[in-house]
Each structure stands twice: as C-alpha cells, then as structure tokens.
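Asker: There's a structure below that I have some questions on.
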Amino acid sequence: LKVTIHGSCLNTGKVSASTGVAAYWGPSSRLNMSARVWGGQMSPQVELVAAWLAIKTAPL
C-alpha cells in the first residue's frame, strides 16, 4: 500500500494564511483527494492533517 501526501500553507502565520491537503493513491483512484483546511494555519499542522486524512481513507 502506497500513498503520497502533501500539505501546503501560503502566508504561514499571517491573517491571510490559507492551507490545503492532498492524498494521491494512484492514477484514477477513487481515494485521491484534496481539500482546504480550516483552523491551524501552519505547515507542520497541515502535513499532519494530510497524513490523518490518508489514514482515515486507507482501504484496510
């Protein structure tokens, strides 16, 4: 089982910060996803959210 995740934050620590996450399971996978993240607007937090979302959607 292999998944690639990414979390990104633009304008870290500023009022104008915005974040998003993505998980890529493979070409045309129904599990591929991306989403905007609300709340904590810092890169380390967003990377953890990306990992958590990938684990939640993993076909176990």
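Asker: Suppose we look only past 12 Å in the calculated P(r) of the chain. What percent of the Cα-Cα pairs does that tail hold?
Answerer: Taking all Cα-Cα pairs of the chain, the fraction more than 12 Å apart is 62 percent.
Asker: Could you order peptides 6-13, 31-38 by the average number of other Cβ atoms within 10 Å of their residues, highest first?
Answerer: So the peptides 6-13, 31-38, ranked by packing, come out 6-13, 31-38.
Asker: Enter the angle in degrees (range 0 to 90, nearest 10) between the Cα long axis of helix 43-57 and the first principal axis of the Cα atoms of the chain, meaning the one along which they spread out most.
Answerer: The answer is roughly 30 degrees.
Asker: Rounded to the nearest 500 deg cm²/dmol, what is the calculated helix-only ellipticity per residue at 222 nm for the chain, with -39500 (n - 2.57) per DSSP H run of length n ≥ 4?
Answerer: On the way: 1 runs with 15 residues, N = 60.
The helix-only estimate for the chain comes to -8000 deg cm²/dmol at 222 nm.
Coordinate-derived values only; no laboratory data. Nothing here was measured: the structure is a model prediction, and the numbers come from that model. All Cβ positions, even for glycine, are placed from backbone atoms using ideal geometry, and neighbour counts span all protein chains on display.
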